[in-house]
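K.L.:
Below is a structure I'd like to ask you about.
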Amino acid sequence: REVVAEVCRASDTVIATGGGAVLDDDNFRALREAATFVCLNATPEDILARTGGSDRPLLSGDREERVRTLLAARAAAYARIPHQIDTSALGVEQAVERILALHRTESAAGSRE
């Protein structure tokens, strides 16, 4: 919470949290108020492919079962995030462009209020 609150006070900053950070209501509120808040989604198959070579403690054991279980357990929290981008068929550059487009739209809307 302290780290999230601290980085939310920074300007011109990209904050990339782990998926569990938004499960905390204080973190969720801080991120929602401070930034263009985006949830990057992907299919379980794509998540497995992207994390295949990593040693992530939350994915120990049956990796596919763990990914599916985590996604199901976090679905309600993720659904509350105002912007959703399915990255399953996107490259990094395409995902970045979509995030930037959302940010530009939000910034323009905020400057008119």
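The values are calculated or read from the model by the stated rules, or taken from the named source; none is laboratory data. Treat the numbers as computed from the prediction; the structure is a model and nothing was measured. Using ideal geometry, Cβ is built from the backbone for each residue, glycine included, and neighbour counts are taken over all protein chains shown. Areas reflect the complete protein model, heavy atoms only, side chains present, ligands, DNA and RNA absent. Shrake-Rupley method; radii C 1.70, N 1.55, O 1.52, S 1.80 Å.
K.L.:
Using a 7 Å offset from the Cα along the Cα-to-Cβ direction at both Tyr78 and Ser107, what is the distance between the two label points in nm, to one decimal?
P.N.:
2.8
K.L.:
At 222 nm, what value in deg cm²/dmol follows for the chain if DSSP H runs of at least 4 each add -39500 (n - 2.57) and the sum is divided by all its residues, to the nearest 500?
P.N.:
On the way: 5 runs with 63 residues, N = 113.
The helix contribution divided over the chain gives -17500 deg cm²/dmol.
K.L.:
Heavy-atom accessible area per residue, the chain, 1.4 Å probe: how many Å²?
P.N.:
69
K.L.:
Which of the trypsin sites (Lys or Arg not before Pro) found in segment 14-113 are loop residues per DSSP with 16 or fewer other Cβ atoms within 10 Å of their Cβ?
P.N.:
Loop-located and lightly packed - Arg80.
K.L.:
OK, next. Determine the share of segment 19-113's accessible area contributed by carbon and sulfur atoms, expressed in whole percent, with a 1.4 angstrom probe.
P.N.:
54
K.L.:
Consider a paramagnetic label point 7 Å from the Cα of Thr51 along Cα→Cβ; state which residues of segment 1-25 have an amide N under 19 Å from it.
P.N.:
16-24
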